[in-house]
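Taking it in order: structure first as structure tokens, then the write-up.
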Amino acid sequence: MSSTRTTVLTSPALGPVFSFLGDRLITPEGRELLPEDLAWLSLTACQAQEWRRMMDAARSASSIDSSRNVRNRNAGVRHHPATVVNLRPAARLLK
């Protein structure tokens, strides 16, 4: 008979929030995340933290914040919406 250890992470205000069932993390919505999923979650969190640091640095540099300088608002640079590139057809060609 195999026994699986369950650990519940709780919040005083919310009660049970996350739990571990063996090596899986169970979210409050009931989704199960495997260890390899958590590696991707960690990578995503690191990317978000780095992005936040870059944006904070950009905001603190007065020369970069062009919205405050009236001369920079109409500097002749035209902004165009980005186009979405669908990679699925290109990936099919590679197969």
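The values are calculated or read from the model by the stated rules, or taken from the named source; none is laboratory data. Only a predicted model underlies this, so the values are computations on that prediction, with no experimental measurement involved. Here the Cβ positions follow ideal geometry from the backbone for every residue, glycine too, while neighbour counts run over all protein chains shown.
Check 14, 33, 43, 21 and return the single one that is surrounded by 12 or more Cβ atoms within 10 Å (Cβ to Cβ), at pLDDT below 90 and at negative phi. Let's see the steps before the verdict.
Working: 14 fails: surrounded by 12 or more Cβ atoms within 10 Å (Cβ to Cβ); 33 fails: at pLDDT below 90; 43 fails: surrounded by 12 or more Cβ atoms within 10 Å (Cβ to Cβ).
Of the residues listed, the single one that is surrounded by 12 or more Cβ atoms within 10 Å (Cβ to Cβ), at pLDDT below 90 and at negative phi is 21.
Tell me which residues, restricted to region 25-55, are in a helix (DSSP H, G or I), among the acidic types (Asp, Glu) and farther than 20 Å from residue 4 by Cβ.
The answer is 50, and nothing else.
If you go through region 4-39, how many residues are under 22 Å from the mean Cα position of the chain (by Cα) and among the basic types (Lys, Arg)?
2
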